[in-house]
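Asks: Before I ask anything, here is the structure I am working with.
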Amino acid sequence: MKKILSRIDKPLLFITILLCSIGLIMVFSASSDAAILRYNKEPTYFFVRQLIFFIVSFIGGIIILNIPTKWYKSISWLLIIGIIVVLVLLLFYGGLTNHVQSWFYIPKTGIAIQPSEFAKSFVIIFMAVFYNGLVRKKVTNIYLYLIPLSIAGIIGILILMQPDFGSAAILLAIAFCIFISVPIQKSNLPKIIMILGIGAVLLGIILLYSGAEILNSEQMKRFNFQNPCQRYKEDTGYQVCNGYIAINNGGLTGVGIGNSTQKHLYLPESHTDFIFAVLVEELGLLCGIGVILLYGILLYRILKIAKDAYNLRNSIIAYGTFWYFTFHIIVNLCGMLSILPLTGVPLPLLSYGGSSTLNFICMLFLTQRVAVENKMTKYNLELKNLAN
């Protein structure tokens, strides 16, 4: 264990712990009033739960850190089949919250599990294992390379049927970014473009004529996301406009930790979707920029680990994690600023949430495992060169 810990990416670990600490502080500050007034709970209710989520996630992360990535070859299909089955069951037995059927609620615990978050992680692992096998065997059949992308499409449709547009869009974007990063013969590119184009058209026709309501009326309203303060009486306008007010209140240095006015039920999701707005209001724009810079360094370290990997499987794991975090950060912040529709996507390591926190931290530790194997492989190669 000491050897493994000595080989992890220490800047990445430091930033992970720092962002988690900031997240805990902000969850406590942003949720204390809502816990009392809206949920009739103790003011520390969400803070304690988030702390437990972090502890469980780090324990899971340490376990992942000790598992060689080659072992995922034996369970990748099991993970992907399992998540498809779970997503199908969710459509029939899932709990309905905010017009979305995305959670399984465990009775008498208050714990909700969101399978779509696990789907993102499982798709990354599956694609890493699958494409690594194809490249090692020097497979040239382009149709085999489309199998993981097709499976990701099926999972994306199941998530869209909940309907959870934000999670579906992020999952499909991650899968597409991984797909275009895989080394494929250039002569196959026209065929790939044609197949993807035909697939997109067929999917559009199926959705158009199926009569299924992929997005309900409440979610369709979210696509009217511009000029939120002119639509203050609408849900999306109300939330985003109050986010603007929070950011404006904060100025450069903030009103002080715990002194946010917008968290007093003006922001309905102050400890989840809009936690960054509360952070800027209380700690100021300078601290907000500092958090964004921390995210930038975190993404740089993940991307560096991906580039240093000695096999495609490990490279895709880290590269997929990079896009997993990138898309969540972009969609959350842009939704809060009314640049994109508001989709309820959590901000990594800052927003309150069990399933998302577990997946974010476990994927970071899986990336750390890649960093460990990078250094182990480099050390063994150096020893081999010295021996020769």
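Asks: 7 Å from Cα along Cα→Cβ at both residue 386 and residue 14: what's the point-to-point distance in nm?
Replies: For the pair residue 386/residue 14, the computed spacing is 2.8 nm.
Asks: For residue 41, go through the lysines and keep the ones whose alpha-carbon is under 17 Å away, minus same-chain ones fewer than eight residues off.
Replies: Within the straight-line cut-off, residue 41 pairs with 108, 263.
Asks: Principal axis extents for the range 321-388, Cα atoms only, whole Å, descending order, please.
Replies: Result, largest extent first: 60, 25, 12 Å.
Asks: Sum up the charges of everything whose Cβ sits under 15 Å from the Cβ of residue 252, counting Lys and Arg as +1 and Asp and Glu as -1, but leave residue 252 out.
Replies: It works out to a net charge of -2.
Asks: Further question: Which whole-Hz ³J(HN,Hα) couplings does the range 164-176 yield from phi under the Karplus relation 6.51 cos²θ - 1.76 cosθ + 1.60, θ = phi - 60°, glycine and proline marked x?
Replies: Result, rounded to whole Hz: 10, 5, x, 5, 4, 5, 5, 4, 5, 5, 4, 4, 5.
Asks: Between residue 180 and residue 1, what FRET efficiency comes out of the Förster formula 1/(1 + (r/R0)^6) with R0 = 35 Å and r the beta carbon distance, rounded to 0.05?
Replies: It comes out at approximately 0.40.
Asks: What percent do you get for the relative contact order of the chain when only Cα pairs under 8 Å and 6+ apart count?
Replies: Relative contact order here is 26 percent.
Asks: May I ask you to list the chymotrypsin sites (Phe, Trp or Tyr not before Pro) in the range 244-321 that are in a DSSP loop and have at most 16 other Cβ atoms within 10 Å of their Cβ?
Replies: Sites meeting the loop and neighbour criteria: 310.
Asks: In addition: Lysines within cross-link reach of residue 3: Cα-Cα under 17 Å, excluding same-chain residues under 8 positions apart?
Replies: Straight-distance partners of residue 3: 375, 378.
Asks: Let me ask another. Show me 166-179, 121-134 ranked by packing, highest mean number of other Cβ atoms within 10 Å first.
Replies: The most tightly packed comes first, giving 121-134, 166-179.
Asks: To the nearest 0.05, what FRET efficiency results for residue 140 and residue 202 with a Förster distance of 35 Å applied to their C-beta separation?
Replies: According to the calculation, E is roughly 0.90.
Asks: Can you list the HN-Hα couplings for the range 352-367, worked out from phi with the Karplus curve (6.51, -1.76, 1.60; θ = phi - 60°), rounded to whole Hz and with x for Gly and Pro?
Replies: 5, x, x, 4, 5, 4, 4, 6, 4, 5, 5, 5, 5, 6, 5, 5
Asks: What ranking do 32, 6, 116, 102 get, fewest neighbouring Cβ atoms within 10 angstrom at the top?
Replies: By the 10 Å Cβ count, ascending, the order reads 6, 32, 102, 116.
Asks: Right, next: Among 16, 255, 268, flag the residue with its Cα farthest along the positive direction of the charge dipole of the chain, charges on Cβ as +1 for Lys/Arg and -1 for Asp/Glu.
Replies: With unit charges placed on the Cβ atoms, the residue in question is 16.
Asks: What number, in nm² with one decimal, is the all-direction average of the projected area of the convex hull of the alpha-carbon atoms of the range 249-388?
Replies: Directional mean of the projected Cα hull area for the range 249-388 stands at 10.2 nm².
Asks: Same structure again: For the range 2-387, what is the charge dipole size about the Cα centre, in debye to the nearest 20, if Lys and Arg each add +1 at the Cβ and Asp and Glu each add -1 at the Cβ?
Replies: So the dipole magnitude of the range 2-387 works out to roughly 1680 debye.
Asks: Hey, can you grab everything whose amide H is under 5 Å from the amide H of residue 164? Only 5+ residues off in sequence or another chain; H modelled, so Pro and N-termini drop out.
Replies: none
Asks: According to a simple spin-label model (label point 7 Å from Cα along Cα-to-Cβ), what is the distance in nm between residue 99 and residue 147?
Replies: Each label point is offset 7 Å from its Cα along the Cβ direction, giving 4.0 nm.
Asks: Could I ask something else about it? Would you list the P(r) distribution for the range 51-98, with all Cα-Cα distances sorted into 5 Å bins from 0 and each bin expressed as a whole %?
Replies: Once binned at 5 Å, the Cα pair distances of the range 51-98 give 5, 16, 13, 14, 20, 20, 9, 3, 0.
Asks: Isolated Cys in the chain by the 4.7 Å beta carbon test?
Replies: When partners are defined as cysteine Cβ atoms under 4.7 Å apart, the chain leaves 20, 177, 287, 334, 362 without one.
Asks: Continuing with this model, one more query. Report the Rg/Rh value for the range 1-82, based on alpha-carbon coordinates and the Kirkwood definition of Rh.
Replies: Here the Rg-to-Rh quotient is 1.14.
Asks: Under the rule of -39500 (n - 2.57) per DSSP H run of 4 or more residues, summed and divided by the residues of the chain, what mean residue ellipticity at 222 nm is obtained, to the nearest 500 deg cm²/dmol?
Replies: Dividing the helical sum by the residues of the chain leaves -23000 deg cm²/dmol.
Asks: Provide the net charge surrounding residue 270, with neighbours chosen by a C-beta distance below 13 Å and charges set as Lys +1, Arg +1, Asp -1, Glu -1.
Replies: Around residue 270, the charge tally is -3.
Asks: Roughly how large, in nm² to one decimal, is the mean projection of the convex hull of the alpha-carbon atoms in the chain?
Replies: 21.6 nm²
Asks: Follow-up question, since we're still on this one. If we sort 61-70, 330-339, 345-354 on the protection proxy, mean other Cβ atoms within 10 Å, highest first, what's the order?
Replies: 345-354, 330-339, 61-70
Asks: Another question, if that's okay. Residue 137: which lysines have alpha carbons under 17 Å from its alpha carbon, excluding same-chain residues fewer than 8 sequence positions away?
Replies: Cα-Cα hits under 17 Å: 70, 73.
Laboratory data are not the source of any read-out in this text; all were calculated from the coordinates shown. Quick caveat: nothing in here was measured; it's all calculated off a predicted structure. Counting neighbours? That spans all protein chains shown, and the Cβs are built from the backbone with ideal geometry, glycine included.
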